[in-house]
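Beneath this line is the structure, given in structure tokens, with notes to follow.
Just so it is clear, none of the values below were taken in a lab; they were calculated from the coordinates. Quantities reported herein were computed from a predicted structural model and do not represent experimental measurements. Positions of Cβ are generated from backbone atoms using ideal geometry, with glycine treated the same way; all protein chains shown enter the neighbour counts.
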Amino acid sequence: MHTYEDLMLGSTTEISDFYVIDEWIYYINYSDNGNLYRMKTDGSSKSKLSDDSLYTFVVYGDTIYYNNPSDRWKFYTIKTDGSNRRKQYHKYC
């Protein structure tokens, strides 16, 4: 018997920090170096949104906010469709 998680993600996928927004689930895939992924709530349309390794993230509106540990924990944003990845600069950083 398979669990719901096995059917949706596969039995070898380790995830953390997930958000369900409308028909999408956004999650950190630790089985792929902590990269950011999304998939539809029915398990279809799985896709990697970023090659950055994440520790945690927040989704607000159509934007995902996170710190990038591979870039000295600088603050980044990316759209929920994976487009428009940007490092956010601040004069005190």
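Before moving on, here are some points about what is shown:
- If the chain linking S70 and Y19 were pulled fully straight, counting 0.36 nm for each residue of separation and taking away their Cα-Cα distance, it would gain 16.1 nm.
- Between amide H atoms placed 1.01 Å from N, distances below 5 Å from G34 occur with N29, all of them 5 or more places distant or on a separate chain.
- Close amide H pairs (under 5 Å, H built 1.01 Å from N) link R85 with K79, residues at least 5 positions away or on another chain.
- Close amide H partners of S53, meaning residues 5 or more places away or on another chain with modelled amide H under 5 Å apart, are S70.
- Between R86 and V58, full extension at 0.36 nm per residue minus the direct alpha carbon distance yields a gain of 8.6 nm.
- Taking the number of Cβ atoms within 10 Å of each Cβ as an exposure proxy, the fewest-first ranking of W24, W73 is W73, W24.
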